[in-house]
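Colleague: A single structure is presented below for examination.
The values are calculated or read from the model by the stated rules, or taken from the named source; none is laboratory data. Predicted, not measured: the structure shown is a model, and the values here were computed from it. Counting neighbours? That spans all protein chains shown, and the Cβs are built from the backbone with ideal geometry, glycine included. Only protein heavy atoms, including side chains, enter the accessible area calculation; ligands, DNA and RNA are left aside. Shrake-Rupley method; radii C 1.70, N 1.55, O 1.52, S 1.80 Å.
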Amino acid sequence: MEMELENTDQTTDFGVAACSLTYHHKLNQSIRLHPMGHEKEKKEKEKKKHKSDSNIEFMFKKRTLIRLIKFSGRHTIFLICYIVFTFVSTVYRVKTPVFAGKIVDAIILENAEDVIEELIYDFLEFVVISIISHFLSTLSQNLLRETIYLKLKQASYESFVNKDIEYVEAKGAIKIFWTLEKDLQIVSKQATFITFMEIFSELYTNFVRLYQLFEISFGLTMCLVVTIPLFSVVIRKYSKYMKTTTLQIDKNTKESAHFFSQTASNFNVVKSNSQESEFISKFEHILKQSFALTTKRSLLEASHKVMNMLIQRIGEVIVLIYGAKLLMSNQITPGKFSTFVINCNALANITKVFSDHVNSISKAGLSCKRFFEFLDYKPKIEWNAGIILDKLEGYISFEGVKFAYPARPDFPVILNAQFEVRCKSSVAIVGHSGSGKSSFMKLLLRMYDPTEGAITIDGYNLKKLNLKWLHDHIGYVSPESVLLPGTLEEVLTFGVKNYKHEELLNCCKMTGAIDIVKKFRSGLMTKIGDKGMRLSSGERQKIFITRALLKKPKILIFDDATAMLDPQSELQVQKTIDKLIEEKQCTIVLIGNQLRSVKACETIITMKNGEIVEIGNHDFLMSQGGLYQKMYLSQRRSRISSVIMDELQSPPPLRRISSRKQNSIRR
């Protein structure tokens, strides 16, 4: 099976080394310092900044906002409760300063105990209603937030499962998972309808407070309003710089996570080449960049708070000086001045509240954009759409097929493949590693579509057939022996419908998997652990073969089926494959390097550098003296030499020695 150099999930030595080289090339471009390159980038960035700031799309577009509201609107009861109780809580919250001012005036000016007592009772009633409404608002908010999170998570999982293999391999499954988890947390907490409702609540509260201030004293309020433009300027500047810094931090976080995952996937290569110190130093360099960026953001946040506090203190000084003059001239009562001061303190927090919201929305904007881009991606290959035939015969035809992996479009792995496979016949595709053999399996299973040409099954273009229906009629065995957790019976029957227990046991006997069943006390009910950890690689391979046979497919594909088996198990499985070829119950496609396992096939296709160089049966190809004959003879010589070496290295047979000879030896 040829290696995909761009795929970071490969764990073989060649694939890991290739991934590591590719990664180091990218790492050198992104981490190492290139002064001239950085100067050009800075100049380009400065030019773009003067033109527009459209490159940093943090704030929400109308479409994104509508989609977020729709997610919230699906839970009508929680949403209505949250809106109603939040509004009630907000209304009662703005009445607190008014009550305080009336009590102060009643004590200082009137000294009327009846009025004070009545005000206190009204205030207690107000407090009880406010607390209850706040409790219900918080409860409905938490329930709504949790349901939105679960709904978003369900949507993301459904979208991930429906993605095509091209997308997952290009992005990386691990990277997609961690990015989704992070984005889900941010979007559900900082970018839903709840956040915008909180902003609306703050706007309403502060608007009412500002109205109360103007009602108390127009001149005193204008002294406070003068500072608002300063706050807006600070918020705008802070938001602009915060956007840029957040984008840089997000990029650096991705880089560190990517480096960590590369180290984990290439762990054997790192250890075998003693590259621990080099990788540690490179990771430290990334973390130093991260520390510099977070320090920059911390400085921005700290300076923003200082500027807000400075403006706030200036406003307070102006209000106190002018308010003292109004009190001395009896133009304002002490109670109203108390109400004014309380509202001023509450208004002072508006900068902090809105700064926090701006900060959270700025961070969440990128996550929202990325999350909805993930949901909106339409797979090129739909798994449950297309024609469903009444019956599948298993006639396969490759018509001028050319194929290159999307990650390497300029390097085709199959060139002008043209051949036919008759119903219930057998074909083998052989060649050296990297010749393009395993790509045929991926095309037949429609993991990818050919770049040029067409693949037909029973005369129908593969693109027009329903992929889910087609997979129900195709059994395949790959060398990647990874199993989902579960019992032996569950993994043996994964994807198999309407099977009988006797059929399962018969298939186990045919492949030798019955030894695995007998090995455990619980038999088929034995739990094999995560990824089949309780089984060896050869035992896992037997399970794959058993599952493929149990499926009773019309097309059966073996891709290096016996690669992980011991000689005895390999012989047993090979007998089963030969028997299937003789019985002609289905179309069989064998892909591999071991030519002794394909001798019984009616047609053998020899591949070299993505091209078909020979087609025929075993006897015909051996008589041609081409690549197939050279490969077969080479493998035969290597087997003979390995047998001879084993015999030479084995100890000589022990002969029985009589008791007399033993005594003489002792003497």
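Colleague: Report the FRET efficiency, 1/(1 + (r/R0)^6), for Ile387 and Tyr322, where r is their Cβ-Cβ distance and R0 is 56 Å, rounded to 0.05.
Modeller: 0.10
Colleague: So if we plug the beta-carbon distance of Ser159 and Thr253 into 1/(1 + (r/R0)^6) with R0 = 35 Å, what FRET efficiency do we get, rounded to 0.05?
Modeller: 0.95
Colleague: For Glu502 and Ala292, compute 0.36 nm times the residue count separating them, minus their Cα-Cα distance, and round to one decimal in nm.
Modeller: Full extension of this stretch gives 69.0 nm more.
Colleague: Let me ask something else about it. Give me the accessible area per residue for the range 366-475, probe 1.4 Å, as a whole number in Å².
Modeller: 44
Colleague: Could you tell me what fraction of 2.2 N^0.38 Å the Cα radius of gyration of the range 489-535 comes to, as a two-decimal ratio?
Modeller: Computed over Cα atoms of the range 489-535, the ratio equals 1.12.
Colleague: Multiply the residue gap between Lys369 and Glu582 by 0.36 nm, knock off their C-alpha separation, and tell me the result in nm, one decimal place.
Modeller: 71.0 nm
Colleague: Which of the three applies to the range 98-242, rounded, prolate or oblate, going by the alpha-carbon gyration tensor with a ≥ b ≥ c and a/c under 1.5 meaning rounded?
Modeller: Oblate, because a/c is 1.5 or more while a/b does not exceed b/c.
Colleague: For the range 225-265 and the range 402-444, what is the separation of their C-alpha centers, rounded to whole Å?
Modeller: Each part's Cα centre sits 47 Å from the other's.
Colleague: Once you place label points 7 Å from the Cα toward the Cβ at Val115 and Lys464, how far apart are they in nm?
Modeller: For Val115 paired with Lys464, the spin-label model returns 9.1 nm.
Colleague: How would you rank 408-419, 594-605, 576-587, highest first, on the average number of other Cβ atoms within 10 Å across their residues?
Modeller: Output ranking for 408-419, 594-605, 576-587: 594-605, 576-587, 408-419.
Colleague: My understanding is that a pair violates if its Cα-Cα distance is over 27 Å; which of Lys240/Lys305; Lys175/Lys464; Lys271/Lys437; Lys509/Lys551; Lys153/Lys380 do that in this structure?
Modeller: Too far apart for the 27 Å limit: Lys175/Lys464; Lys271/Lys437.
Colleague: In whole angstrom, and with the biggest value first, how far do the Cα coordinates of the range 220-334 range along each principal axis?
Modeller: Principal extents (largest minus smallest coordinate, Cα): 87, 19, 17 Å.
Colleague: For the range 466-507, which trypsin sites (Lys or Arg not before Pro) pass both filters: DSSP loop (anything but H, G, I, E, B) and at most 14 other C-beta atoms within 10 Å?
Modeller: Here the trypsin sites (Lys or Arg not before Pro) that fit, given the DSSP loop and packing criteria, are Lys497, Lys500.
Colleague: Another question about this same structure. Quickly work out the Phe260-to-Phe200 label distance, labels modelled 7 Å from Cα along the C-beta direction, and quote it in nm with one decimal.
Modeller: According to this spin-label approximation, the distance is 3.9 nm.
Colleague: Same structure again: Once both labels are modelled 7 Å past Cα along the beta-carbon direction, what's the Ser281-Phe123 spacing in nm?
Modeller: Taking the two extended label points, one gets 6.9 nm.
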